[in-house]
Each structure stands twice: as C-alpha cells, then as structure tokens.
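Have a look at the structure below before the remarks.
The values are calculated or read from the model by the stated rules, or taken from the named source; none is laboratory data. Here the structure is a predicted model, which is why all the values come from computation and not from measurement. All Cβ positions, glycine included, derive from the backbone under ideal geometry; neighbour counts span all protein chains shown.
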Amino acid sequence: MAISTITPRQLAELCNAGKKPELIDVRTPVEFQEVHVDIARNVPLDRLNPAAIVQARSSSNDEPLYVLCRSGSRGQQACEKFLKAGYSNVINVEGGTLACIEAGLPVVRGKKIMSLERQVRIAAGSLVLLGAVLGWFVDPAFIGLTALVGAGLAFSGVTNSCAMGMLLARMPWNSCATDVKSATTR
C-alpha cells in the first residue's frame, strides 16, 4: 500500500478552515524543542508505538493522523510502521518541518541544535577518515572500518533506514532536560 501524502500548504488550508488535524512529529525531542509546528506533538520515531498512539487518539480513528519529521524521510518510516500495524489512515507531510516553515505554518521556536542528519554525516565521515588514517599509518586491516561504514551507508540508502541515526538519537545530547512524556501530551 502506498503512503498517502499532503503538502504543507494543504495542511495549512485544513488548519485555516477551522479543522484541527492531529499531527505527530517523529523527530528527537531536542529537534522538536528547537522548532516544531505549533499543533504537533512529539513522538520520537525510535519510541513510536502505533497501537498505543491509535488507542490514545483524541479524535476519531476515522480522521487521518498526520506525521512529519525534519524533511520527510523519518515521517515516511513512521507511516510505514503504522501501515504494518494495520492502521492505514495515516498521511506523511511532504518535506517535513522545513517545508512547513517555508509554507508559513505557525511554529514554536526554541534553542538551536544540530540536526540528526548532520550528526550522522559527521559521524560517518569521521569514521571513514579514522579508518583510512589508521589503515595507512597503523595497520591495513583498519581499512575494514571504512568498508563497514560504506556498507552501512549503502544499506541505509537501500532500506531508507539509518541504524547510526537511531543510535545517535538515543545519545544524551539528543535528550531534553524535560520529560519526553510532557512533550507527547500536548
């Protein structure tokens, strides 16, 4: 089954028409705290439980559930989780939060942070560089580290998932000082 999508402009039109769409943001709590659409509530992708969300919905299950992330990829992954759980009335917001900001949707801004995608690029690049330097100066076997990172990136691209991103999302610097439950009960 194909994942349904909506543009940020269409989402803004729903809001302007007096409808209150239920919107979940699947980014890390720190990313959510930096900037989020004002009607969104935070449910990080690594903690997403589709059955619990559907059961706890404030609106009818006949109403669509809208999902977004930073740029659309994690939102699509979240939608796939809902579809696998048997809930098909889920819609991914194209372009994520970045596109919503460009479309003029009201947002809440907090403290600036480094995006998860940027953290992944820094970590992967650093590991590749480390493997190459150690392979050149210490032992050629360290080139295996570079190959491992390359294989991981290729697998990530093919499967549209990112194990390194999920690992980084659980790091202390990607956690908020406030309890995540308070962010998810907006």
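So here's what we get for this one:
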{"quantity": "Some residue of region 134-154 being assigned to a helix (DSSP H, G or I), of a type in the set (Ser, Thr, Tyr) and not assigned by TED's automatic domain parsing to the domain that holds residue 57", "calculated": "yes"}
{"quantity": "Scan of region 155-166 for residues that are surrounded by fewer than 14 Cβ atoms within 10 Å (Cβ to Cβ) and either farther than 22 Å from residue 24 by Cβ or in the same structural domain as residue 76 (by TED's automatic domain parsing) (or both), ordered by number", "calculated": "155, 157, 158, 159, 163"}
{"quantity": "Residue list for region 45-93, restricted to those being in contact with a Leu (Cβ under 9 Å, 6 or more places away or on another chain), touching a residue at least 40 places away in the same chain (Cβ under 8 Å) and not in a helix (DSSP H, G or I)", "calculated": "65, 66, 67, 68, 69, 70, 71, 90, 91, 92, 93"}
{"quantity": "Number of positions in region 117-128 that are farther than 23 Å from residue 96 by Cα and either surrounded by 13 or more Cβ atoms within 10 Å (Cβ to Cβ) or under 19 Å from the mean Cα position of the chain (by Cα) (or both)", "calculated": "4"}
{"quantity": "Qualifying residue in region 109-122 (condition: more than 17 Å from residue 35 (Cα to Cα), without any contact (Cβ under 8 Å) to a residue 12 or more places away in the chain and not basic (Lys, Arg))", "calculated": "yes"}
{"quantity": "Condition check for residue 4: touching a strand residue (DSSP E or B) at 6+ places or on another chain (Cβ under 9 Å) and in contact (Cβ under 8 Å) with a residue 12 or more places away in the chain", "calculated": "yes"}
{"quantity": "Which listed residue, of 41, 27, is touching a helix residue (DSSP H, G or I) at 6+ places or on another chain (Cβ under 8 Å), modelled with pLDDT of 90 or more, part of a loop (DSSP other than H, G, I, E, B) and among the charged types (D, E, K, R)", "calculated": "27"}
